[in-house]
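The values are calculated or read from the model by the stated rules, or taken from the named source; none is laboratory data. In this text the structure is predicted, and so the values were computed from the model without any measurement. Because the Cβ atoms are built from the backbone with ideal geometry, glycine has one as well, and the counts that use them run over all protein chains shown.
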Amino acid sequence: MKNMIKKGLTLGLGLAITTKEQAEKVVEELVEKGELTKQESKEFVDELVVKGEEAKKDLDERIEQKLKQILDELNLATKEEVDALKQRVKQLEKALGETESK
């Protein structure tokens, strides 16, 4: 029964529980109903927090990858490319100024 509750909560709560306080509140309700012991509740909260952090990290990575893909498709210049072009323009202006002064 406890494993079914764990699986159900883990699946049902998913990313909804992202903070330890939220997880503790849900688990405390289970303790009050007698579905979990205090020791099980602490372990369960820790497990939910870890899973929430892992899910957040995975989501952040997916968002970053998708943003990179979109930017690549838009063919926009990166900050590094713009900085390199600015440096090149300065070098060319300096060279042109030296040529004109001769």
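Computed values, structure above
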| read-out | value |
| --- | --- |
| Residue satisfying all of: in the range 22-41; exposed (fewer than 14 other Cβ atoms within 10 Å of the Cβ) and part of a helix (DSSP H, G or I); farthest from the chain's Cα centre (by Cα) among these | Glu32 |
| From Gly8, Gly14, residue being on the phi > 0 side of the Ramachandran plot, out of contact with any Gly (no Cβ under 6 Å at 6 or more places or on another chain) and either modelled with pLDDT of 85 or more or part of a helix (DSSP H, G or I) (or both) | Gly14 |
| Residue selected from the range 47-102 under the condition outside any helix (DSSP H, G or I) and of a type outside the set (Val, Ile, Thr), by the criterion farthest from Lys20 (Cα to Cα) | Lys102 |
